[in-house]
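Only one structure is covered here, and it is reproduced in the block below.
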Amino acid sequence: MPVWLVGVQRSGTNMVVRGLEEHPEVEVHNENDRTAFERFRLRPDPVVRDVILASGHRYVLFKPLCDSHRVDELLTLDTPTAGRAIWAYRGVDGRVRSALAKFGDANLRVLTEIASGRGRETWQAQRLSPESLELIGSFDWASMSAASAAALFWYVRNSLFFDLGLERRDDVLLSSYDALVSFPEAGTRAVASFLGLEWTPALGAHIERRDGDRPPRLDLDSRVRRLCDELEERLGAATLRTS
């Protein structure tokens, strides 16, 4: 069974991978695995399919974050066992802080390019809805902060979960980072149950449990903040429906 772990970067996907790769039935191909990836993008579908067919494991996990917009297509890949997908997301404030620490103003730069019309071929712009593209173009990018840009990136990329109709699919699980670190056993049991994988304590042994307190809210552009709060509420409701 191919398993596609997708979502926006800095959303706790490595934490999910770390638990699953300890399971003897799971083979993991992370973004830096040249067998299946080239510059963090999946290789052509026939190559990826060959990787799956060559595996001796029951599950073959890929983490194609830069191809998250293709997850509905990846689920149609012709394999002996139908694939499943996990869309991981993190609260906007936690994700923005992590993204700024890791990538600096990368989201600001790429969204500025997309707004100008020069960045439409980048992976970051792929399959964004006309509404999302119009939204990106509506801001004054000369005055946008790196934090607000990272939050807007979180918004348009996580909006794909609904734009692609993934909330209506039984083969897609929406997984909350914040819920997982608050209740590691419940979160990892939900993932194991979704995959049909036997749960073991090792799936969550590496997760440092947190008390569930939300990080302080960042000072974001007011329109970006409103959109992100609305989407975060929508994702939370969808998490309860799909878990």
Counting only residues in segment 147-176 that are open to solvent by less than 30 Å² (accessible area, probe 1.4 Å) and free of Cβ contacts under 8 Å to residues at least 60 places away in the same chain, the one farthest from ARG109 (Cα to Cα) is identified as VAL156
Among residues of segment 94-144 being outside any loop (DSSP other than H, G, I, E, B) and of a type in the set (S, T, N, Q), the residue surrounded by the fewest Cβ atoms within 10 Å (Cβ to Cβ) is SER116
Every listed condition ((1) of a type in the set (Val, Ile, Thr); (2) within 21 Å of the chain's Cα centre (by Cα); (3) open to solvent by 30 Å² or more (accessible area, probe 1.4 Å)) holds for VAL47 save (2)
Log entry, pairs with first residue in segment 28-47 being free of Cβ contacts under 8 Å to residues at least 40 places away in the same chain, second being hydroxyl-bearing (Ser, Thr, Tyr), beta carbons closer than 7 Å, six or more apart or on different chains, reads HIS29/THR35
Taking segment 179-202 and keeping only residues that are in a loop (DSSP other than H, G, I, E, B) and open to solvent by less than 20 Å² (accessible area, probe 1.4 Å), one is left with LEU197
The lone condition HIS23 fails out of (1) within 17 Å of THR200 (Cα to Cα); (2) of a type outside the set (A, V, I, L, M); (3) open to solvent by 40 Å² or more (accessible area, probe 1.4 Å); (4) part of a loop (DSSP other than H, G, I, E, B) is (3)
Condition (residue is in a loop (DSSP other than H, G, I, E, B) and of a type in the set (A, V, I, L, M)) applied to segment 29-36: is it met by at least one residue?
yes
The residue that is surrounded by the fewest Cβ atoms within 10 Å (Cβ to Cβ), considering only those in segment 8-20 that are touching a Lys or Arg at 6+ places or on another chain (Cβ under 8 Å) and either small (Gly, Ala, Ser) or assigned to a strand (DSSP E or B) (or both), is GLY12
Within segment 1-34, residues being more than 19 Å from GLY83 (Cα to Cα) and hydroxyl-bearing (Ser, Thr, Tyr) number 1
Of the conditions (1) open to solvent by 100 Å² or more (accessible area, probe 1.4 Å); (2) of a type outside the set (Val, Ile, Thr); (3) farther than 21 Å from ALA85 by Cα; (4) modelled with pLDDT of 95 or more, the single one that ARG214 does not satisfy is (4)
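The values are calculated or read from the model by the stated rules, or taken from the named source; none is laboratory data. Note that the structure is predicted; figures quoted are calculated from it, not measured. Methodologically, a virtual Cβ is constructed for each residue, glycine included, from the backbone with ideal geometry; neighbour enumeration extends over all protein chains shown. In case anyone asks, the SASA skips ligands and DNA or RNA and just uses the protein heavy atoms, side chains included. Shrake-Rupley method; radii C 1.70, N 1.55, O 1.52, S 1.80 Å.
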